[in-house]
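The values are calculated or read from the model by the stated rules, or taken from the named source; none is laboratory data. This structure is a prediction, so every number in the text was calculated from the model and none was measured. Cβ placement follows ideal geometry from the backbone for every residue including glycine, while neighbour counts extend to all protein chains displayed.
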Amino acid sequence: MTCCDQNEVTGKTERPPAPSRTFQIEGLDCAEEVVLLKQAVGPLVGGEEHLAFDLLHGRMHVLSGARPVSDRAIQRAVARVGLRARPWQAGMTEETQRSWQGFFTLLSGLALLAGMGLHLRHAGGMALLSLFAGHTGAVPLDERIAFGLAIGFGIPWVLVKAVRALLRLRPDMNMLMTLAVAGALALGEWFEAATVTFLFALALTLERWSVARARRAVTALLETAPETARVKLEDGRVRAVPVAEVQVGMRVLVPPGEKVPVDGRVVAGHSSVNQAPITGESLPVPKGPGDEVFAGTLNGEGLLEVVVEKPAQDSTLARIIRLVAEAQERKAGVEQWVERFARRYTPAVFAGALLVWIVPPLMLEASWNAWFYRALVLLVIACPCALVISTPVSLVAALARAAREGVLIKGGVFLERSAGLSLMAFDKTGTLTLGKPQVVQVVSLAVEEMELLALAAALERGSTHPLAEAVCRCAAARGCEPPPAEVVRALPGRGIEGSIGGRRYWLGSLRLARERVDHWPEGLTLPPQAEAGTVVTLGQDARLLGLIVLSDAPRPEAKATVAALHRLGIRCAILTGDHRRVAERIAHDLWIEEVHAELLPEDKVRVVEALAREYRAVAMVGDGINDAPALARADVGIALGAIGTDAAIEAADIALMSDDLRHLPWLVRHARRTLWIVRENITFALGVKAVFVVLALLGQATLWMAVAADMGASLLVVANGLRLLRIK
């Protein structure tokens, strides 16, 4: 069964196809406009499923499986809904449109102030207060001209979209506001109409500004690579070249204090590099010849010469930025709920407003004008923009914050699932453990411990076997100087032997020791650590000199990570192909409750399926390659240490760019905090609307108050969502 097949069986959210074309949509700031675009462009490309939208960045993606259609045809379809589409290019913004909108909003506000000044001159004294209480008298011509100019300057951004919505019989917020302004004018409420127009124009301007701020904040968090690179030419000269023109194989110089422009490998120089933009690591990482460096990371104190291994568009940082952008298309359940609610909410409010206008006058013989005005207020406060815009802003801010911490989340759906995890299953080797053997105990019998290590390292020197490397590392760490060994030869399947100082020594397994040793030391028992590791014996001729116990040790942060997950109410389990006694030893040391050992890759899938039936939501943490089937089957697949590993980044739902397990409890806390903020925003937006609906029905709310409340709610929920960018 393939990974895709498993997704189909389990109902796991599949990733959308990669976009083949992207358009910048000027004026795309609300989910209701997305609905209009789907209706207008969907038939051209073969259906709405071939479109994807990035509301935060104002972009529309035409996906790779779409029906062939020209850019001009798509632009004409977008224009029919009152928006403007341009083929997107890197660096494209909406600054021009925002500037014009802000300018006309300013003119609308000045005209409104002029009308208020004229009213004060005509009526004098405290008459200005009568405007806010509801002005029903005759309005002088100059006041009407001033208020009319305020309406004329503020309404263009709304009127075109309102007409399109009316022609399509699809009411939206623009149609709501246009009807409210027209109704106020029909009642002779020129000040109310002008105030509503100005406040709504101001709300749109501020909302667009706040969304643009979110866009800039997300961009600043991720796009940290420099624009040029110092390329070292063959004649030794150095030339500044745009990063996009740097080719694989070129040599780039990175001076101290500057950012690495491209992914590559150090060929000369030593330094420490701050990799926090990629991995979230708090401390700089030492770099020397042979070490990898990544675009966007900050060089420390030394000059590095780097050979380029990837073009700029394929760097780890560029891939992270692309995946964060694509992640916005995989919506969380709460975001989908908000969109479904908004689609049904606006038509329902239209029907409710119509009943408010008609029923009381017919049933209670109330004033038609008074209840018509209350219906207008109800229409204004019903605008769902605060509710709709807050959720994507919050989720994208959370995704960007996580990426800055080195946690790459592939979509809001996986962020939401992470908040509800009840069990986290770990692969053992390389995930909970360091993935390479370490010397955990030295048992000296006939020589001193330091001499035992020195003799073992002398025989193992030059070997690439993991056990040999572990012995040599331990000897070097303890300051042992291995003597020269001669005539070293392998004993297949058992160990090695060689001469040191004219004497013959051997090093190998317990089997080799039992073959060579004449008299096994009395009372010698294997240490407890040997149960979960490997024992290496060292001897001279027929005498046993000592034992070295090696084991794959747990990561230093593993125990604290498991304890933190327990405090969050998440149970832990080990899924490994290793021997049961080894897995149980690691589980005992880390306080992990559940162990499944001696598993093949397909067995891990079976165990994950069983766990998914028992627990509410299950995450699988592995290396992203060997554990790919289990990662795909889990509710959330998490690849550990994915930096530099393309397959790991692509395989999992969430990729931890460093090997630090402490990111796992941070991920759960971050996900829960994000959902809490999203729910705060939804509750606040609906609460404000509920209060003003009641005030409107009681006749205690005016049109300008309703617009001000809606504008304030929109700005507050956006600001609340953007807090996720700053939370550590």
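Data for the structure
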item	result
From the options PRO255, PRO261, PRO284, residue that is at pLDDT 85 or above, under 28 Å from the mean Cα position of the chain (by Cα) and over 30 Å from SER108 (Cα atoms)	PRO261
Residue, surrounded by the most Cβ atoms within 10 Å (Cβ to Cβ), within region 95-109, restricted to residues that are modelled with pLDDT under 75 and not charged (D, E, K, R)	GLN101
Unmet criterion (only one of (1) modelled with pLDDT under 85; (2) over 30 Å from HIS119 (Cα atoms)) for VAL231	(1)
Residue satisfying all of: in region 691-714; surrounded by fewer than 16 Cβ atoms within 10 Å (Cβ to Cβ) and within 36 Å of the chain's Cα centre (by Cα); farthest from ARG374 (Cα to Cα) among these	GLY712
Close pairs (7 angstrom Cβ cut-off, 6 or more residues apart or separate chains): touching a residue at least 60 places away in the same chain (Cβ under 8 Å) in region 440-458, polar (S, T, N, Q) anywhere	VAL440/GLN529; VAL440/SER551; GLN441/GLN529; LEU452/SER444
Filtered residues of region 591-607 (kept if within 15 Å of ILE574 (Cβ to Cβ) and surrounded by 14 or more Cβ atoms within 10 Å (Cβ to Cβ))	ILE592, GLU594, VAL595, HIS596, ALA597, LEU599, ASP603, LYS604, VAL607
Qualifying position, being touching a Cys at 6+ places or on another chain (Cβ under 6 Å) and under 26 Å from ASP660 (Cβ atoms), among VAL582, VAL562	VAL562
Check on ARG489, exposed (fewer than 12 other Cβ atoms within 10 Å of the Cβ) and either over 48 Å from the mean Cα position of the chain (by Cα) or part of a loop (DSSP other than H, G, I, E, B) (or both)	yes
Selection within region 684-707 - assigned to a helix (DSSP H, G or I) and over 27 Å from THR674 (Cα atoms)	PHE692, VAL693, VAL694, LEU695, ALA696, LEU697, LEU703, TRP704, MET705, ALA706, VAL707
The one condition in (1) surrounded by fewer than 18 Cβ atoms within 10 Å (Cβ to Cβ); (2) modelled with pLDDT under 75 that ASP142 fails to fulfil	(2)
Considering residues of region 356-366 that are modelled with pLDDT of 80 or more and surrounded by 13 or more Cβ atoms within 10 Å (Cβ to Cβ) only, the residue nearest to the chain's Cα centre (by Cα)	VAL356
Members of region 655-683 found to be in a loop (DSSP other than H, G, I, E, B) and in contact with a helix residue (DSSP H, G or I) (Cβ under 6 Å, 6 or more places away or on another chain), listed by number	MET657, SER658, LEU661, ARG662
Matching residues, region 669-690, being aromatic (Phe, Trp, Tyr) and crowded, with 16+ Cβ neighbours inside 10 Å	PHE684
Search result, residues across region 570-622 that are part of a loop (DSSP other than H, G, I, E, B), small (Gly, Ala, Ser) and farther than 22 Å from VAL535 by Cα	ALA617
Residues within region 452-471 that are in contact with a helix residue (DSSP H, G or I) (Cβ under 7 Å, 6 or more places away or on another chain) and surrounded by 22 or more Cβ atoms within 10 Å (Cβ to Cβ), tallied	5
Counted residues, region 418-433 - those being surrounded by fewer than 24 Cβ atoms within 10 Å (Cβ to Cβ) and over 22 Å from PRO601 (Cβ atoms)	3
